[in-house]
Amino acid sequence: MTAELNLSMSNSIADLVRLIQSTEEFLEAHNLPSRVPYLVNLVLEEVLTNVVKYAFDAGSVHEIRVRVVLSEAEVEIECSDPGKEFNPLALRDPELGTSILACEPGGLGVHLVKKMVDSIDYRRENGINVLTARIGLHRA
Amino acid sequence: MELKVIKSDPRCTHIALSGKLDVAGEQEIGDEFRLLIDTRNTSFLVDMSQVTYLASLGIRLLFAGAKTLAEDGWKLVVLRPQPMVEETLLNSGTAKLIPISRSEEEALGLL
């Protein structure tokens with residue numbers, strides 16, 4: 001059994017909030033373990049917040065696409081944007097240090113996604129950044 | 001997202017957060033949280049037992065609060081996060097710098 005959701009948004013945080021809400025509603029209908037919608041929300045928020053903030057010139061409006069595919073074994077989330085070429089997986093992991101006073105928590109979002117999903121990959125295709133994350137439905 | 005002050009004494013302010021600490025949630029309570037941190041002159045116990053979601057924006061809010069408190073010798077302790085929120089705190093490395101506690105008594109002992 002496979003179910004698929006295709007959505008698009010403009011490069012704004014307000015649209016991102018609406019897209020996440022629509023995705024939550026789609027997932028709610030499928031009775032998934034609670035960690036799955038949590039992780040899908042995390043992927044969308046962290047990846048697409050970066051796209052909205054950094055992928056385009058200020059004031060320009062662009063379409064970002066999201067495809068969520070639910071199969072028996074996993075949820076696959078694919079985010080595509082026509083912004084500046086950027087591979088978030090190439091970012092160095094943040095170093096928080098050993099003291100709260102010295103801590104500079106930048107770059108946490110992508111780091112979290114990389115650690116918490118089962119797999120993630122990036123490609124640049126015909127001027128489009130494509131990031132794909134997969135979350136297994138059955139964990140020991 | 002909601003923020004409530006549960007109780008306060010000269011040593012500790014106990015607040016409770018509830019809801020999703022996402023982009024929208026941070027906008028709803030961020031200013032109030034920062035104001036409390038800046039003005040209370042105590043350590044903070046942040047009860048997250050009713051927080052259903054935490055992302056990097058919320059983590060940065062906690063870090064900024066803990067850092068501000070540490071500059072004056074105070075501490076911030078997170079109390080009773082839900083399993084996925086705790087997993088987020090652990091995977092982000094937050095738990096190495098901001099203690100997580102299972103009970104109020106344990107948390108007060110960490111302050």
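Quick notes on this one:
- Percentage, to the nearest whole number, of Cα pairs in the protein assembly as shown over 27 Å apart: 38 percent
- More than 15 angstrom apart: percent of Cα pairs within region A:13-72: 52 percent
- Apolar share of the accessible surface for region A:64-120: 49 percent from carbon plus sulfur atoms, 1.4 Å probe.
- Computed log10 I(q)/I(0) for region A:37-76 at 0.15, 0.20, 0.29 Å⁻¹: -0.46, -0.70, -1.05, from the Debye equation with unit scatterers placed on every C-alpha and solvent omitted.
- Shielded by partner chains, region A:33-51 residues - at least 20 Å² of accessible area, 1.4 Å probe, vs chain alone: A:35, A:38, A:41, A:42, A:45, A:46
- Charge tally around residue A:76: other residues with Cβ under 9 Å, Lys/Arg +1 each, Asp/Glu -1 each, net 0.
- Packing-based ranking, highest mean first, of A:28-37, B:69-78 given that Cβ atoms within 10 Å are counted: B:69-78, A:28-37
- The value obtained for chain A, namely the Cα convex hull volume divided by the number of residues, is 131 Å³ per residue.
- Rolling a 1.4 Å probe over the heavy atoms of the protein chains gives chain B an accessible area of 44 Å² per residue.
- Value at 222 nm in deg cm²/dmol, rounded to 500, when DSSP H runs of n ≥ 4 in the protein assembly as shown each add -39,500 (n - 2.57): -12000 deg cm²/dmol
- Given their separation in residues at 0.36 nm each and the Cα-Cα distance between them, residue A:126 and residue A:53 gain 24.1 nm when the chain is fully extended.
- Scaled radius of gyration (Cα, divided by 2.2 N^0.38 Å) that chain B gives: 0.94
- Label-to-label distance for residue A:85 and residue B:4 is 5.4 nm, based on points extended 7 Å past Cα in the beta-carbon direction.
- For the protein assembly as shown, the share of DSSP beta bridges that are antiparallel, to the nearest 5, is 70%.
- Lys-Lys pairs in the protein assembly as shown that are eight or more residues apart or on separate chains and whose Cα atoms lie under 27 Å of each other come to 27.
The values are calculated or read from the model by the stated rules, or taken from the named source; none is laboratory data. Computed from a prediction, not measured in an experiment: that's the story for all the values here. Ideal geometry is used to build each Cβ from the backbone, glycine not excepted, and the neighbour counts take in all protein chains shown. Just so you know, the surface numbers come from the protein's heavy atoms only, side chains and all, with ligands and any DNA or RNA stripped out. Shrake-Rupley method; radii C 1.70, N 1.55, O 1.52, S 1.80 Å.
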